[in-house]
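For reference, the structure discussed in these notes is given below.
The values are calculated or read from the model by the stated rules, or taken from the named source; none is laboratory data. A quick note: this is a predicted structure, and the numbers were derived from the prediction, not measured. Here the Cβ positions follow ideal geometry from the backbone for every residue, glycine too, while neighbour counts run over all protein chains shown. The protein model used for the area step is the full one, side chains on, heavy atoms only, and it has no ligands, DNA or RNA in it. Shrake-Rupley method; radii C 1.70, N 1.55, O 1.52, S 1.80 Å.
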Amino acid sequence: MSQANNNRGQRCRPVALFAAAVLLTASGLTAQNDPIERTFTDPRAEVEKAVTAAKVSSSGKLPALEGFVGQTQHPVERYERAYYQCLFQIMPALTGETSVRVTVKITAWYADPDKQKSGYEILPSNGRLENDALDRVEEILGGPAASSAKAEPQTATKYNLSIGPAIPRGSVIGKAPGGATAAESRPPAGATSSTPTTEAEIQDLRTKRVATEKRVQQLNNALQNLQELYDSQSKPNDLVAVKKTGTPVSPRPEEGGKPLFAATAKDQFEMIELRGDWVHVQISGESRGWIRKEHLEFPEDFPSPSSIPAIAEAKSPDLFRVIREENGPYPGNWEPLRGKSVKIYTVQPAQSPTLETTPREKRALVKELFLRAWKAHSPADAASAGVVVVFDSADGGLAAATLSSLRQWQEGEISETAFWQSCSLDPPETFSATGKKE
């Protein structure tokens, strides 16, 4: 009987170990996709500013995937053009403090030996990028210095500024070494007593306090003079100032979205462009935002607000740039173009590869390139079966159309809505605000 139980245990042990390994792997993947959160004691406004500053260096191209991603479906060396983006969420904590939650989105192009299986994939993060982003927020807030100060507090000298005597009359005082009372003993020369014991010491402290207050008043007067001098100087004509505290700075020139942060009155930003009722401003580094023009004060020599829309049309730059144009096999498994030769446009945001653009902006560019390819297509050119637009950016995306459907649309056989329904938009939410194929 004992031998049979041992045999049964040996047969079951590999199964149990395999099941445990599967559970550990599954739990690890789940943990890697969860956001990482850290709580700060600083005021919410300071935390928001620190997060805004940290965002500048919290997205971009990854030099390698090793050390940043968790378990992937395919070998890591088959992924190309890896981008990451840290998404920050600021929320109040139950203790009255401010919590910052970071989620990282990593996207990369999977290059399969079979071109039809290639495409963009979202990869799991192992938590390193999230913690690095939170460390940057903490450094901006001065977290490490503050933590060090709390861990090793400096012993400050405290003074008793009461007018009465420090030692009550008639109290019993212990004997100091040598027979003298503690009141009669004196500290060595150069030593500092934490509590004044004589009227002379108290008067000395009062004199020092008056001198300090006088010095503070002098510094305040100097600061006021410098402010008046700064206000009187001429300033660049491309700076705009916020009128009211709490003005939202939005990521895009549209209402209804979550703002990047709330600006404070008199905050100044460099103006990049004007677009309708919105002003594109530079926050810091590559960080950008949009503010409605009625919330801003413009330089004195700036044109009146009524002329801003006309200027906006003249100054508005292109949102995208084509970095590569080529003919090649279709890089996906969409049936109408599977294995066929196509025209491929690879594009990036004009300002920065890490800049996110709206589905409407992407779709407008795709339409423009589709029409460009159709006009350049020759009836004698039968080698190309369609057009593909690849977005080499942090949010990615791929749009494809057959030349047959383009011809039907341009010759009026089908409507534009029917044309878009015949296209491949991957993923759909990248090109449609509703997240559905139209």
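Between a first residue in the range 358-374 that is at negative phi and of a type outside the set (Asp, Glu) and a second residue that is open to solvent by 40 Å² or more (accessible area, probe 1.4 Å) and assigned to a helix (DSSP H, G or I), which pairs have beta carbons less than 7 Å apart while being 6 or more apart in sequence or on different chains?
That search, which allows pairs on different chains as well, returns TRP374/GLN410.
Is it true that GLN32 is under 30 Å from ASP392 (Cβ atoms) and at pLDDT below 65?
Judged against the criteria, GLN32 is a match.
For VAL347, indicate whether it is modelled with pLDDT of 90 or more, open to solvent by less than 70 Å² (accessible area, probe 1.4 Å), farther than 20 Å from LYS117 by Cβ and not in a helix (DSSP H, G or I).
So VAL347 passes the test.
Within the range 407-426, how many residues turn out to be open to solvent by 70 Å² or more (accessible area, probe 1.4 Å) and either outside any helix (DSSP H, G or I) or of a type in the set (Lys, Arg) (or both)?
So the count comes out to 4.
Could you check how many residues of the range 50-85 are under 12 Å from VAL137 (Cα atoms) and in contact with a Leu (Cβ under 7 Å, 6 or more places away or on another chain)?
2
Does the range 319-352 hold any residues that are under 28 Å from the mean Cα position of the chain (by Cα) and among the aromatic types (Phe, Trp, Tyr), and which are they?
Filtering the range 319-352 down to residues under 28 Å from the mean Cα position of the chain (by Cα) leaves 319-323, 346-352.
Of everything in the range 319-352, just one residue is under 28 Å from the mean Cα position of the chain (by Cα) and among the aromatic types (Phe, Trp, Tyr), namely PHE320.
Residues being farther than 21 Å from PHE391 by Cβ, free of Cβ contacts under 8 Å to residues at least 40 places away in the same chain and under 15 Å from the mean Cα position of the chain (by Cα): count how many of those fall in the range 96-138.
So the answer is 2.
List the pairs whose first member sits in the range 408-434 and is aromatic (Phe, Trp, Tyr), whose second member is open to solvent by 50 Å² or more (accessible area, probe 1.4 Å), and whose Cβ atoms are under 8 Å apart, counting only residues at least 6 apart or on separate chains?
What qualifies is TRP409/SER415; TRP409/GLU416; PHE419/GLN408; TRP420/GLU438.
Only one residue in LYS362, LYS367, LYS375 is within 30 Å of HIS280 (Cβ to Cβ), open to solvent by 50 Å² or more (accessible area, probe 1.4 Å) and outside any loop (DSSP other than H, G, I, E, B), so which one is that?
LYS367
Of all residues in the range 317-344, which are outside any strand (DSSP E or B) and in contact (Cβ under 8 Å) with a residue 60 or more places away in the chain? Before the answer, list the steps.
Just the residues of the range 317-344 that are outside any strand (DSSP E or B), to begin with: 317-319, 330-340.
Within the range 317-344, TYR330, PRO331, GLY332, ASN333, TRP334, PRO336, LEU337, ARG338, GLY339 qualify.
Is the range 285-298 home to any residue that is farther than 30 Å from SER405 by Cβ, of a type in the set (Val, Ile, Thr) and either touching an Asp or Glu at 6+ places or on another chain (Cβ under 8 Å) or modelled with pLDDT of 85 or more (or both)?
yes
Looking only at the range 350-359, which residues are open to solvent by less than 40 Å² (accessible area, probe 1.4 Å) and either part of a helix (DSSP H, G or I) or closer than 28 Å to GLN116 by Cβ (or both)?
THR357, PRO359 - these are the residues of the range 350-359 that are open to solvent by less than 40 Å² (accessible area, probe 1.4 Å) and either part of a helix (DSSP H, G or I) or closer than 28 Å to GLN116 by Cβ (or both).
Taking the conditions exactly as written (within 28 Å of TYR83 (Cβ to Cβ) and either open to solvent by 10 Å² or more (accessible area, probe 1.4 Å) or at pLDDT 90 or above (or both)), does PRO309 satisfy them or not?
Criteria not met by PRO309.
Kindly indicate whether any position in the range 225-242 is modelled with pLDDT of 85 or more and open to solvent by 60 Å² or more (accessible area, probe 1.4 Å).
No - not one qualifying residue is present in the range 225-242.
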